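Report on one structure; see the data block that follows.
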Amino acid sequence: MFQSVSNGVKVAPQAFTEKMEAHKESVMKYIRIIWLGLVIGLVGLLYIKPTLAQSGGGETSRLFLPLISRMSEPVWLGPESADVVSIAYDRRVEDRVYLGTWGAGVFVSEDGGIRWKRQSSGLDNLYIQRLAVDPLQAGVVYAGTYGSGIYKTNDGGWNWYPVNQGVMNGAIVYGLTVDPQQPQRVYASARVANRNEEPWGGVVYRSLDGGLTWQAVLQNIGGSNVQDWVYSLAVDPQNPQRVLAASHEHGIYRSQDYGTTWQAANSGISDLSGRAVVFDPRGRIAYLGVWHRTGEFKTLNGGDGWILQSNGLTGSKIYDLVVNPHNPEQLLAATFMMNFSDTERGVARSDNGGELWVKSGLQPYFIYTVAVNPFNGNEMLAGTVDYGVFRSTDGGKNWIARNEGLINATVTHLTFDPNLPQVWYAAVQGRGVWRSPDGGNHWQPFGEGLETTSVYSLAWEGQDSRRILALTPAGWMAADSDGEGTWEAVEPTQIAVDEMTYRSFTDWQEYQPPKPGFEFEVHPSRSVQPVLNGMSLPGNGVMSDALPVDVRIYTLLQAPLEGWLAGTSDGIYQRESGAAWQPVGLQGQTVVGLAIDPLRRDWIVAVTPSQIWLSRDAGRTWQMQDAGMPLDGIQGVWFNPQGRLLVSLVHRGLLCLDRPW
């Protein structure tokens with residue numbers, strides 16, 4: 001619930017002493033005096049001529065009242081899933097696991113990966129490429145980001161701080177590893193951000209003081225006109241002066257002197273597209289996974305020579321490799337492709353040092369990483385693209401999703417079943433449509449046959465309330481909500497779309513870097529809905545008509561009384577029947593979402609990318625609301641049928657708040 005910020009007087013508990021009870025009436029007297037003063041002050045505010053608080057010039061100005069209300073404790077809803085790029089077990093605290101996500105920062109589990117909690121305080125960049133733990137000190141972890149270099153925590157993820165002295169500005173960090181015998185010695189590999197051609201600007205760094213300072217130790221791989229980068233780094237656990245670096249297109253580089261000097265070490269390697277390199281815990285033996293579908297290479301002598309091992313692994317794109325520390329003959333590979341097939345991928349496993357590989361589950365999924373519990377070699381975690389983390393307790397033979405608390409989804413549109421209001425449907429960016437049968441507590445992907453994972457808007461068939469519609473880049477798709485949810489393409493002439501379909505249609509999307517593994521296949525965009533400003537309003541023409549040329553519409557809904565409200569790049573505009581658009585509030589703000597309270601139709605909520613605003617008088621005045629926490633990256637806003645406010649945040653799912661009171 002909302003409550004006045006002045007409602008902070010603490011009522012004495014019943015257990016107070018008799019003396020305090022005797023003074024109760026006196027205390028209540030003072031409380032009444034204080035409240036009376038607050039009421040008089042508020043009334044006085046309403047008679048003060050608004051000057052700096054006005055939203056714009058002329059007759060359309062609206063008063064922004066000061067912040068006088070605060071929301072109740074927020075509740076995070078799903079969908080629970082994530083792009084899990086990196087996983088690292090704490091070597092000193094049993095069952096503590098760190099998980100790096102693409103866009104939601106770092107999560108920590110204290111029960112071996114069953115439940116997760118976001119611990120990203122201090123992380124200014126939430127796009128995590130790599131995690132590395134200190135093998136000798138509990139709670140010390142390094143995080144490599146996309147574009148902001150390296151961060152470190154000394155308290156198990158509760159607080160992070162940047163450690164980039166000596167590292168290039170805007171570094172994309174791919175590799176991180178800590179010397180297992182001298183953890184003050186740390187290695188990192190990076191390249192220049194926002195560069196899509198040679199020279200790549202790749203550099204390997206070394207720190208001798210736990211990340212406080214860094215020195216470049218390997219540059220110009222492939223020559224100064226190429227400057228290739230390194231994806232993965234590994235230190236020999238028995239001989240830490242030996243360090244291996246797997247480069248993007250130039251194979252293995254090796255140092256024999258703690259990273260001071262480097263030489264190519266590619267004897268026997270026929271595929272130089274290195275992605276993952278890892279040492280056997282016994283030392284000298286190492287494995288290299290490659291991207292160009294050749295397989296895995298093995299060295300028995302620290303990199304002097306390599307042999308190809310591809311039996312069962314031919315045609316695989318390997319993103320990561322891990323050796324089981326309790327059973328060094330067991331290897332697991334995280335793949336993006338197997339058998340040259342676009343539909344086969346998942347985890348591959350070898351139980352004999354890479355001589356023979358077999359499929360080991362999760363074949364429908366792109367796998368970023370696999371990690372083995374250092375305290376129990378049968379427990380493993382696999383991080384996926386889009387679908388979170390899976391856990392195995394039998395050595396990688398069987399897997400079960402473990403995403404409780406792991407929220408890394410961006411909800412772009414939300415709708416509620418008109419026949420079963422506890423059933424929700426969400427369009428999730430890059431993941432299609434998801435369904436919750438219980439008011440957002442649990443979610444599952446909905447339906448098959450959706451040809452794209454990009455869904456702009458959801459609606460209900462006007463003549464059949466059991467049919468849900470999804471607007472995609474290819475047009476409208478339809479599915480029966482009470483069936484198995486098989487999507488079929490439909491022509492606009494075949495369906496009756498309620499004109500209210502577009503009431504919360506949003507065209508807002510913040511910049512997002514391309515996902516790891518897809519850097520050169522997809523390109524980020526600020527907008528995924530180019531049709532919005534050319535959409536027609538029933539009986540009112542094109543909705544961008546008569547707007548200033550530099551004003552862009554991001555969201556639209558029908559006004560409580562008549563006409564339409566539009567959230568724009570310059571506040572809120574209203575258009576009544578037959579009239580032109582007029583500014584009505586929040587001018588100068590970027591309004592990305594609008595919603596009307598279903599229980600009080602004159603209450604409207606507007607959201608900017610970082611704030612929530614409330615109007616209790618159909619849009620004439622607005623008050624900023626305090627959610628009690630930062631809300632950067634707001635994507636949209638809705639009311640559920642019970643009147644609770646739902647806010648979508650980029651990569652953070654849905655935030656549920658009680659409605660204003």
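Ala409 sits among other residues whose Cβ lies under 12 Å from its own Cβ, and their net charge, with Lys and Arg +1 and Asp and Glu -1, is -1. Distance between the modelled labels on Gln137 and Gln219, one decimal in nanometres: 2.8 nm (7 Å Cα→Cβ projection).
Per-residue surface analysis assigns Ser270 an accessible area of about 90 Å², computed on protein heavy atoms at 1.4 Å probe radius. Convex hull of alpha carbon positions in region 363-491: directionally averaged projected area 8.9 nm². Kirkwood radius, region 281-360, all distinct C-alpha pairs, inverse of mean reciprocal distance: 12.3 Å. Taking amide H as placed 1.01 Å from N in the peptide plane, Val592 has its amide H under 5 Å from the amide H of Val607, Thr608, each at least 5 places away in sequence or on another chain. Compute the distance from the alpha-carbon center of region 430-459 to that of region 587-618, in whole Å. If we compute the Cα centre of each part, the gap is 25 Å. For the residue pairs Lys317/Lys359; Lys117/Lys317; Lys298/Lys515; Lys152/Lys359; Lys397/Lys515; Lys117/Lys152, the alpha carbons lie more than 25 Å apart in Lys117/Lys317; Lys298/Lys515; Lys152/Lys359; Lys397/Lys515. Computed over every Cα-Cα pair of region 550-660 and binned at 5 Å starting from 0, the pair-distance distribution P(r) comes out as 2, 13, 25, 26, 20, 10, 3, 1, 0 percent. Our estimate of slack between Asn378 and Asp550, defined as 0.36 nm per intervening residue step minus the Cα-Cα distance, is 56.0 nm. Each Lys or Arg adds one and each Asp or Glu takes one away; over the other residues whose Cβ falls under 10 Å from the Cβ of Tyr319, this sums to +2. Per residue, region 550-660 exposes 31 Å² of accessible surface when a 1.4 Å probe is rolled over the protein heavy atoms with every protein chain present.
For Lys515, the accessible surface of its heavy atoms amounts to roughly 50 Å² (probe 1.4 Å, protein chains only, rounded to the nearest 10).
Measuring with a 1.4 angstrom probe and ignoring ligands and nucleic acids, Val347 comes out at about 0 Å² accessible. Note on Gln184/Arg620: beta-carbon distance plugged into 1/(1 + (r/R0)^6) with R0 of 51 Å gives a FRET efficiency of 0.25. For the pair Gln238 and Arg195, a Förster radius of 41 Å applied to the C-beta separation gives a FRET efficiency near 0.65, rounded to the nearest 0.05.
Within the accessible area of region 281-360, what % is carbon and sulfur when the probe is 1.4 Å and the other protein chains stay in place?
Details: 1360 of 2860 Å².
Ligands and nucleic acids excluded, carbon and sulfur reach 48 percent.
Using r as the Cβ-Cβ distance of Glu519 and Arg92, and R0 as 60 Å, what FRET efficiency do you calculate, to the nearest 0.05?
Numbers: r = 35 Å, r/R0 = 0.58.
Computed FRET efficiency for Glu519 and Arg92 comes out at 0.95.
When the charge dipole of region 363-491 is built from unit charges on Cβ atoms (+1 for Lys and Arg, -1 for Asp and Glu) and taken about the Cα centre, the candidate among Tyr425, Leu381, Gly439 whose Cα reaches farthest toward its positive end is Leu381.
Amide H contacts for Val217 (H built 1.01 Å from N in the peptide plane; partners 5 or more residues away or on another chain; cut-off under 5 Å): Val204, Tyr205, Arg206.
The values are calculated or read from the model by the stated rules, or taken from the named source; none is laboratory data. What you see is a predicted model, and the numbers here were worked out from it, not measured in a lab. Reconstructed Cβ throughout: ideal geometry from the backbone, glycine too, with neighbour counts over all protein chains shown. With ligands, DNA and RNA removed, areas are computed over all heavy atoms of the protein, side chains included. Shrake-Rupley method; radii C 1.70, N 1.55, O 1.52, S 1.80 Å.
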